[in-house]
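The values are calculated or read from the model by the stated rules, or taken from the named source; none is laboratory data. Since this is a predicted model, take the numbers as computed values, not measurements. Here the Cβ positions follow ideal geometry from the backbone for every residue, glycine too, while neighbour counts run over all protein chains shown. To get the accessible areas, we keep the full protein, side chains included, count just its heavy atoms, and leave off ligands, DNA and RNA. Shrake-Rupley method; radii C 1.70, N 1.55, O 1.52, S 1.80 Å.
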Amino acid sequence: MDDEQKKQEIADEELINAAFQHLLDSYISTRHRKKVDIITKAFNFARQAHKGVRRLSGEPYIMHPIAVAQIACEEVGLGSTSICAALLHDVVEDTDYTTEDIANIFGPKIAQIVDGLTKISGGIFGEQASAQAENFKKLLLTMSDDIRVILIKICDRLHNMRTLQSQPANKQYKIAGETQYIYAPLAHRLGLYKIKSELENLSFSYEHPEEYQTIKNKLASTEASRHELFSQFTAPIEESLNKMGIKYRIKERVKTPYSIWSKMQNKNIPFEEVFDILAVRIIFTPQNREEEVNECFNIYVAISKIYKSHPDRLRDWLNHPKANGYQALHVTLMSKQGRWIEVQIRSDRMDEVAEQGFAAHWKYKEGDDIEYTEDETELNEWLRTIKEILDDPQPDAMDFLDAIKLNLFASEIFVFTPKGEIKTMPTGCTALDFAFSIHTFLGSHCIGAKVNHKLVPLSHKLQSGDQVEILTSKSQHVQPSWISFVSTAKAKGKIQAIVRRNNREVQKRGEKQLTEFLQKHNITLNNNVADQLAAFHEIRKREDFLQAVAEKTIILGNEDIDELQGKHKNKSGKTGWRRYVPFIGSGKTKEEEENKQPELFVVPEKFNRKKPIYITDENIKQYKFPHCCHPIPGDDVLGFIDNKNRIEIHNRACPVANKLKTSYGNRILDAKWDMHKKLFFDATIKIEGIDRMGILVDVSRVITSQMNVNIRQLTIKGDDGVFSGTIELRIHDRDDAKNIIGNLKKIEGMQTVSQII
């Protein structure tokens, strides 16, 4: 061994020992019983098992399990069993040791958690990782055995996100997409707010690096004025609380770049118009634990004497905690600077639950004396819902993910049964959702409901505090149309399962009709043929196509045979994707350009998926541009290899792309623009403002002053001194749009200008 290797080994040893010592120090400072010996034993075992292996970042592999254990201990507040499982979580998957070995050395409980983690892993950065929906099913199934499995998995994902820079770009998009779509909502549902925010932020920084950096810079530049506002706002509050003799601390909570960006997107507003960036948190130590709820209200009464409170924005999660255990009182107050500021009042116990998640205090308290509270029953209820969805095999991973997501982020209302029992339901749920939440039979035969003793239809949306009685009839059966208005995962899952059972018979009939039709033309029916015809009729799933054939909503004819024999000419709009057509220098009409279709690029077998693809003026027509997101040059985009090995280009923030990243991660490509302002793309800008003479002239002048930009349509209507309108343009790229929007905002009387995506 040469000197260089020796130096490296010594440096590695020091790094590993320091990281493990930090873990032990963190554990010793917690309230858990001190089982240092078993943690040290797990560390030495894992260190030996992973000896000589390095991560992509170049550091020794054992640093990853130590980091996951550190997060589990310090940020989630887990005890020795979880810390040992975190240290050992990759041993069974990556080495020759088995779960039985772990059980013999560390006992059945740690082995069970490691086994759960091994089952759902499948190599998080490996090629198999594209089956994330399947892994997610396994993940949720293991939750009901021991929720620590999913907590450690979230810690594992957080560390992978913190070290994502060592991965190629296509893997970054895949992993960031999964994190945004699955792990952040899960962390939220389990009350891990801090981790949820960090996961969202890290995903955002990889998917939209420029926008992330812009918001970070703006937050930094407005930091001083925020501190000033915070100090001025909290000074009289501190004075009042001091007089009351309360032991407290006041924290400044700043919105994360991701949540600011989300608000900007959802409300179509610039950074400067996001007014709730600052919130204030009052965390107090109650004089008497039994009186902590009353003390929260006493603080509220005291501060509402200083500032006027917003009557519609008082949120009481004290008497009815969220299903994940969150408790606090939220009130919005008008500051002396004329800004609404949200104040969150909570005890130090509530704060710990809010930061580390209720799940950390759940079901496995050190020792065997487990006490259940109402909140734990709620969490069990949620797990039971998830299990019911899992028990019904979904045909499509995407449907499954959608069903689960419905209930991951939902905020809650409280509804009473006829006997006065409280049930927690997601906001926006209907009477039918409530029926299914009680029992599948009740939901299946529901004909209506009485809400507060008044008759309402199935689709009636429930409000917090409603008393609901479900009305049923044996002659009632599940209708496919119900799926359009129910909003809970349980109801949607049950309705889909029943409708699917009914549809199978119809699909068999359609298959028979299609077989007979094709036999007349000497064509044999197989899956490829059915898929091709489904795509031709713009239907995503083969089953839906067969059903449409049976129900005669699709009439088979000669066009279908032409399509199968390759004789069918592409008609505009038939293919479900569009071509971009240059408007300059060709001398040909739009129709001639569109009919001169170049061949689509087909991904060869030995294609390097780690390298980015470049979209140029010359090759843009070789890619598919789906209608879901209309990306234009300058947008953050990615490529997706479809079932026919052709490449679709999606906006990275597109909802369809999010699902693709989660379900088909190994087909994601890094895509970059290399355009030179030769081609035109459609864009629509929305404008609103104060009406005046000459506003139309000013708008036209701004657009025509932008080099080589064409107005396709300009619609403006005025009403009582205000106007609103849309401008349809042909632009070269996102920079054109930004310049035009910036210049339009300078027009006198213009209030809002935004691009419609």
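One table, with the values for the structure above:
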item	result
Accessible area of region 204-265 belonging to carbon and sulfur atoms, whole % at 1.4 Å probe	50 percent
Amide H contacts of residue 269 (H built 1.01 Å from N, under 5 Å, at least 5 apart or other chain)	none
Within the accessible area of region 406-558 (1.4 Å probe), percent carbon and sulfur	51 percent
Theoretical gain in end-to-end length, residue 724 to residue 249 [0.36 nm per residue, Cα-Cα removed]	166.3 nm
Estimated FRET transfer efficiency when R0 is 45 angstrom, pair residue 26-residue 606 (beta carbons, to 0.05)	0.40
Neighbourhood net charge (15 Å Cβ-Cβ; Lys/Arg +1, Asp/Glu -1) for residue 334	+2
Spacing of the two label points (7 Å from each Cα toward its C-beta) at residue 104 and residue 693, in nm	9.6 nm
Karplus-derived HN-Hα couplings along region 230-235 (A = 6.51, B = -1.76, C = 1.60, θ = phi - 60°), whole Hz, x at Gly and Pro	4, 4, 5, 6, 8, 3
Region 677-684 - phi-based ³J(HN,Hα) in whole Hz, Karplus 6.51/-1.76/1.60, Gly and Pro as x	6, 9, 9, 10, 9, 6, 8, 10
Summed side-chain charge close to residue 90 - residues other than residue 90 whose Cβ falls under 11 Å, Lys, Arg +1, Asp, Glu -1	-2
At most 10 other Cβ within 10 Å, DSSP loop - trypsin sites (Lys or Arg not before Pro), region 425-518	474
Net charge of Cβ neighbours under 13 Å - reference residue 469; Lys, Arg +1; Asp, Glu -1	+2
Area accessible to solvent at residue 229, 1.4 Å probe radius, in Å²	20 Å²
Amide H partners (placed H, <5 Å) of residue 54, local residues excluded	61
Surface accessible to a 1.4 Å probe, per residue, for the residues of region 455-554, Å²	57 Å²
For region 89-99, 3J(HN,Hα) per residue [Karplus equation, 6.51 cos²θ - 1.76 cosθ + 1.60, θ = phi - 60°, Hz, x = Gly/Pro]	5, 9, 5, 5, 6, 9, 10, 7, 6, 10, 4
Share of carbon and sulfur in the accessible heavy-atom surface of region 606-705 [1.4 Å probe, %]	52 percent
Cα-based Kirkwood hydrodynamic radius, region 600-643, one decimal, Å	12.0 Å
Protein-only accessible surface order, largest first, of 193, 173, 614 at 1.4 Å	614, 193, 173
Additional length obtainable on full extension of the chain from residue 314 to residue 349, 0.36 nm per residue less Cα span	10.5 nm
Nearest-10 value in Å² for the accessible area of residue 349, using the 1.4 Å probe	90 Å²
Residue 417 - accessible surface, heavy atoms, 1.4 Å probe, Å² rounded to 10	20 Å²
Per residue accessible area of region 695-757, 1.4 Å probe, in Å²	56 Å²
Heavy-atom surface of region 138-237, accessible at 1.4 Å and reported per residue (Å²)	31 Å²
Accessible surface, 1.4 Å probe, highest first, among residues 425, 264	264, 425
